[in-house]
Amino acid sequence: MPSQKPGASDLPLPFALDFYPLEAPEFTRIHPFFENLRKARLTTTKCTKCSAVHWQPRVVCPKCNSDSLEWIDLPKEGELFAFTEVRAGAPIGFEKDVPFVTGLVRLKGTEILLTARIDGAMYEALKIGDRVRLKVIILPDGRVWFRFTPA
Ligand SMILES: [Zn+2]
């Protein structure tokens, strides 16, 4: 379930400066990712021909070029592989959130590394290998995205 609105500015951003993807079926063929995320499921595509698991979700397998893909659930937990803190120079719309932590999360039991904001912890309190779990956020305009929090 979505747990919190982001702290970013509520002002609408010019389209070219919007860091969140358009999620509706008319804009993207990976719209199931967002529909699943809204249900607190982190999902991606898996090729039914060569069994490759992709991150990010794809519409064609980059390994064998098949478009025969299925949606699979990914673990909602992982560990910090790397992280840093944004103290200045935040992208427009994120200025009010400074300082914030962003990192690479290795999903539990996989080789998948994904980038995400890490909420709920100060940079100084984190260390490589810390366990984190998925946090679903709803943007002011209703779109959905994800972050992680310490587990
Ligand atoms: Zn494939």
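When ARG38, ARG29 are checked against the criterion of being among the basic types (Lys, Arg), over 14 Å from the mean Cα position of the chain (by Cα) and at pLDDT 65 or above, a single residue qualifies: ARG29. Filtering ALA121, ALA125 for residues that are open to solvent by less than 30 Å² (accessible area, probe 1.4 Å) and either under 18 Å from the mean Cα position of the chain (by Cα) or not β-branched (Val, Ile, Thr) (or both) leaves a single hit, ALA121.
Can we say SER68 is touching a Ser or Thr at 6+ places or on another chain (Cβ under 6 Å), of a type outside the set (D, E, K, R) and exposed (fewer than 14 other Cβ atoms within 10 Å of the Cβ)? Yes. Scanning segment 13-40 for residues that are outside any loop (DSSP other than H, G, I, E, B), surrounded by 12 or more Cβ atoms within 10 Å (Cβ to Cβ) and out of contact with any Phe, Trp or Tyr (no Cβ under 9 Å at 6 or more places or on another chain) yields HIS31, GLU35, ARG38. Mind checking which residues of segment 26-54 are within 14 Å of the ligand (Cβ to nearest atom) and either at negative phi or of a type in the set (Lys, Arg) (or both)? The answer is THR44, THR45, LYS46, CYS47, THR48, LYS49, CYS50, ALA52, VAL53, HIS54. Of everything in segment 41-55 that is assigned to a loop (DSSP other than H, G, I, E, B) and free of Cβ contacts under 8 Å to residues at least 40 places away in the same chain, the residue that is most open to solvent (accessible area, probe 1.4 Å) is LYS49.
Within segment 88-106, none of the residues are within 16 Å of the ligand (Cβ to nearest atom) and either at pLDDT 95 or above or surrounded by 13 or more Cβ atoms within 10 Å (Cβ to Cβ) (or both).
Would you say ILE137 is open to solvent by less than 30 Å² (accessible area, probe 1.4 Å), touching a Pro at 6+ places or on another chain (Cβ under 9 Å) and within 21 Å of ILE30 (Cα to Cα)? So ILE137 passes the test. Only one of the numbered conditions (1) part of a strand (DSSP E or B); (2) of a type in the set (Gly, Ala, Ser); (3) over 21 Å from PHE33 (Cβ atoms) is not met by GLY89, and that is (1). Scanning segment 107-118 for residues that are open to solvent by less than 80 Å² (accessible area, probe 1.4 Å) and among the hydroxyl-bearing types (Ser, Thr, Tyr) yields a single hit, THR110.
The values are calculated or read from the model by the stated rules, or taken from the named source; none is laboratory data. The structure presented is a predicted model; accordingly, all values stated were derived computationally and were not measured. Virtual Cβ from ideal backbone geometry, glycine too; neighbours counted across all protein chains shown. Accessible surface areas use protein heavy atoms only, side chains included; no ligands, DNA or RNA. Shrake-Rupley method; radii C 1.70, N 1.55, O 1.52, S 1.80 Å.
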